[in-house]
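A.B. asks: First the structure, then my questions, so here it is.
The values are calculated or read from the model by the stated rules, or taken from the named source; none is laboratory data. The structure presented is a predicted model; accordingly, all values stated were derived computationally and were not measured. Cβ coordinates were reconstructed from backbone atoms using ideal geometry, including for glycine residues, and neighbour counts include every protein chain displayed.
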């Protein structure tokens, strides 16, 4: 495999990692990629730099970003580990007052009323994803890693796992796009509610380039001018709060 990195002062091509997570990003069977992170990157820098999508599963995208083999990826939540290994671009373009929700197959007789009820349940999680700190750090939970949220819900419906965890607002949009039978799923009473921020992120190596500086300025300028709100609106995402633009 060729090395994609090109972090010199002459950085003319920006490599954008794209994982298949409809409706926010899509990778076709032929590898053709589309989605919000590409829309934002092109609007910000396509006048000056060439954009090259790099399709990959989430966990591989993250690994390639940390290694500097790609320059950008999108939709990531901040965690201390990620902040140590990559650079987050302000402001976040996803700002959702939503919940991490646990889904089971309707009629399964599974109940989760408090965090402790998650023990001894098989929980499908997307490999490489971050959720909330207590869940992420609890090694006593039985987490079954899968390649995508779509696979997680398929396993729930086939009763191969007990639960799947997802952000309520984005997961239910995705299930409708993928025509998954949301009516066959049931939400557990226990949920973790918070403001959830999704960011554009760059590799540490790319962050040192002129291209990255240009990108950071352009994204903030688009956010302040409300152009970024127009780009994210077709994805059913709310406008970026003014408090994040200071």
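A.B. asks: Would you call residue 190 in contact (Cβ under 8 Å) with a residue 60 or more places away in the chain, assigned by TED's automatic domain parsing to the domain that holds residue 103 and touching a helix residue (DSSP H, G or I) at 6+ places or on another chain (Cβ under 7 Å)?
C.D. replies: yes
A.B. asks: When you check residue 70 against the structure, is it more than 19 Å from residue 197 (Cα to Cα), modelled with pLDDT under 95 and over 13 Å from the mean Cα position of the chain (by Cα), yes or no?
C.D. replies: Considered against the rule, which asks whether it is more than 19 Å from residue 197 (Cα to Cα), modelled with pLDDT under 95 and over 13 Å from the mean Cα position of the chain (by Cα), residue 70 comes out as no.
A.B. asks: Which of the helices (runs of 4 or more DSSP H) found entirely inside the range 121-215 contain at least 3 residues meeting this: at pLDDT 90 or above and surrounded by fewer than 17 Cβ atoms within 10 Å (Cβ to Cβ)?
C.D. replies: It comes to 133-137.
A.B. asks: Quick check on residue 84: is it more than 15 Å from the chain's Cα centre (by Cα) and closer than 25 Å to residue 167 by Cα?
C.D. replies: yes
A.B. asks: Tally up the residues in the range 89-100 that are over 13 Å from the mean Cα position of the chain (by Cα) and under 18 Å from residue 19 (Cα atoms), please. Before you say what the answer is, go through the steps one by one.
C.D. replies: Just the residues of the range 89-100 that are over 13 Å from the mean Cα position of the chain (by Cα), to begin with: 89-91, 97-100.
This time we only want the ones that are under 18 Å from residue 19 (Cα atoms), so: none.
Going through the range 89-100 one residue at a time, the tally reaches 0.
A.B. asks: (1) under 28 Å from residue 191 (Cβ atoms); (2) crowded, with 17+ Cβ neighbours inside 10 Å: which one isn't true of residue 81, the others all being true?
C.D. replies: For residue 81, the exception is condition (2).
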